[in-house]
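One structure is given here, and the rest of the page talks about it.
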Amino acid sequence: MKFISTRGGECVTGAQAIAQGIAKDGGLFVPEVFPQVSEQELEEMLGMNYAERAAAVLHKYLDEYDYDGLKEACAKAYAQFEGGDAAPLVKIDAGLYMLELFHGPTCAFKDMALTLLPYLLRKGCDLCGIKEEVLILVATSGDTGKAAMEGFKNADGIKIMVFYPNDGVSKMQKLQMATQEGNNVDVVAVRSNFDVCQSAVKAIFTSEACKEELKSKGFILSSANSINFGRLAPQIAYYFSAYLDLVSSGQIDMGSPVNFAVPTGNFGNILAAYYAKRMGLPVGKLICASNKNNILTDFIRTGVYDKRREFYKTMSPSMDILISSNLERLLFELADRNAVRVQMRMDKLAKEGIYNLYDEELEQLQQLMWADFCGEDETVETIYEFFEEYQYPMDTHTACAMYAAGNYIAQHEKDGAPMVIVSTASPYKFPQDVMYAITGNDIKDSFKAIKHLNIATAMKVPASLSKLRDKSVRFTTVADKDKLYAEVLKFVDKK
Ligand SMILES: *Cc1c(COP(=O)(O)O)cnc(C)c1O
């Protein structure tokens, strides 16, 4: 299977697409064609466990990776999840389900891909004949950095270094990163905000001098961010798995449609659902849920993408985003794979902050998706009401999806398809907000909030969070923004 750039420039193998991350023309890699999964193959997947299903889906795209290797890597990655099933589907009510994607090492759905990415990346480099050690640099506003380090810790042939804004992450997130284990990780707090962190890391990525110097020391740079196809591919698998679980438990017949509601930020998660649909999975409507930053809601309702608007910090921070980079992959499909049109729109977005779809593209998009957004008060109310009715605690991101799904169902009585809410984080990851929503108690300390939430909901506390309190701090470096490359050199020179 070959991969092409959304901006027309390149044609590479899957291994190259993953090793490289982004195309040289600035576009994103997409499969040349969507591999198909027949109903017979779906039937065969019914009897598989999650890791086997994931390997089967991945091998459709990454056919130069050997299948046994993929199976083994998936088994190892998903064995790290608590509870035996990496992506359990929980029945809430008739026709309403939660797909829980938060049982991994950092209690958020990014673990679904980041536990597997080290294998996909190292193997991809090996397949491309890259002999150097891989150095991953991540600028993070909190969640991605931790999930990436958990995924990459102690991985052979890879080192990972994370930069975060010293005053820009929550106490819990800081503690999660400062206590990170692994012999190949480093963490640096930067005396600045996230945007500055990100620009400083980008500057290293685009500097030929830095790249040369690192190469002479035996390293090549790579990134673990969500536009890498190696992040997208593992996410396609859980849509298949949820569907198969519905069939095997007798909730639906094979072939009947299922709707999914997805809390959306960078558009990676919901895009994976779209890819599953294009592969032949009977996906009905995709509900694209945003928080107060509702740029995607406006886009899907009107066809106009306009980032010239205020940015809000919300209690669902992983969805606080104005430029959803993975949307480019869907644009490419809506434009009938016209790379020139994609390039034109991305230029327009960069220069003017706005672009719009043609009428027939908008019509196609609205066939596929329905969008809504959930404000801060609605987030709190949704968590409260849902807990009252079902005794099921939801995190703040998942609540946005539930809210949007509720509105969709109320306005589309004729659509009788079951609704799966994609649950992206454990409520214990945002314990103060969830505790406040459920009980009205405003608790300042994270660990106290976890304890009280546990008493209020009787939901089990994930071991990785409860253990955090007793872990020793390993990383205390704080650096100025112009000293990041010096920190990189210190890290790679340390033997
Ligand atoms: C990253 C994240 C999202 C957004 O996912 P995208 O793939 O960026 O759309 C939603 N919820 C949580 C908890 C996340 O960490």
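When you scan segment 148-181, how many residues do you find that are surrounded by fewer than 18 Cβ atoms within 10 Å (Cβ to Cβ), of a type in the set (Lys, Arg) and in contact with a strand residue (DSSP E or B) (Cβ under 7 Å, 6 or more places away or on another chain)?
1
Residues that are closer than 19 Å to Phe205 by Cα and in contact (Cβ under 8 Å) with a residue 24 or more places away in the chain: which helices (runs of 4 or more DSSP H) entirely in segment 79-189 hold 1 or more of them?
It comes to 117-127, 143-152.
Return the residue satisfying two criteria in turn: it lies in segment 102-124 and is within 9 Å of the ligand (Cβ to nearest atom) and under 29 Å from Thr13 (Cα atoms), and of such residues it is nearest to the chain's Cα centre (by Cα).
Lys110
What are the residues in segment 451-495 that are in contact with a helix residue (DSSP H, G or I) (Cβ under 7 Å, 6 or more places away or on another chain), at pLDDT below 90 and over 17 Å from Glu82 (Cβ atoms), if any?
Correct list: Arg469 only.
Please give the number of the condition Ile287 fails out of (1) modelled with pLDDT of 95 or more; (2) surrounded by fewer than 24 Cβ atoms within 10 Å (Cβ to Cβ).
(2)
Tell me which of these Val57 doesn't satisfy, since it passes every other one: (1) within 28 Å of Ala86 (Cα to Cα); (2) part of a loop (DSSP other than H, G, I, E, B); (3) β-branched (Val, Ile, Thr).
(2)
Here are some residues: Ser222, Ser249, Ser256, Ser241. Which one is more than 15 Å from the chain's Cα centre (by Cα) and modelled with pLDDT under 95?
None of the others qualify; the one that does is Ser222.
Applying the selection to segment 427-444, what residues are away from the ligand (no atom under 16 Å from the Cβ) and under 18 Å from Phe102 (Cβ atoms)?
Met435, Ile438
Kindly indicate whether Leu62 is more than 26 Å from Ala261 (Cα to Cα), among the aliphatic types (A, V, I, L, M) and free of Cβ contacts under 8 Å to residues at least 60 places away in the same chain.
Considered against the rule, which asks whether it is more than 26 Å from Ala261 (Cα to Cα), among the aliphatic types (A, V, I, L, M) and free of Cβ contacts under 8 Å to residues at least 60 places away in the same chain, Leu62 comes out as no.
Condition check ((1) closer than 14 Å to Gly230 by Cβ; (2) in contact (Cβ under 8 Å) with a residue 12 or more places away in the chain; (3) of a type in the set (A, V, I, L, M, F, W, C); (4) crowded, with 18+ Cβ neighbours inside 10 Å) across all residues:
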{"residue": "Gln16", "(1), (2), (3), (4)": "yes, yes, no, yes"}
{"residue": "Phe29", "(1), (2), (3), (4)": "yes, yes, yes, yes"}
{"residue": "Met45", "(1), (2), (3), (4)": "no, yes, yes, yes"}
{"residue": "Leu58", "(1), (2), (3), (4)": "yes, yes, yes, yes"}
{"residue": "Gly69", "(1), (2), (3), (4)": "no, yes, no, no"}
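Out of Met402, Met435, Met419, which single residue is over 22 Å from Phe267 (Cα atoms), of a type in the set (A, V, I, L, M) and surrounded by 18 or more Cβ atoms within 10 Å (Cβ to Cβ)?
Being over 22 Å from Phe267 (Cα atoms), of a type in the set (A, V, I, L, M) and surrounded by 18 or more Cβ atoms within 10 Å (Cβ to Cβ) holds for just one of Met402, Met435, Met419, which is Met435.
The values are calculated or read from the model by the stated rules, or taken from the named source; none is laboratory data. Model, not experiment: these values are computed from the prediction. For neighbour counting, all protein chains shown are included, and Cβ atoms are generated from backbone atoms with ideal geometry for every residue, glycine included.
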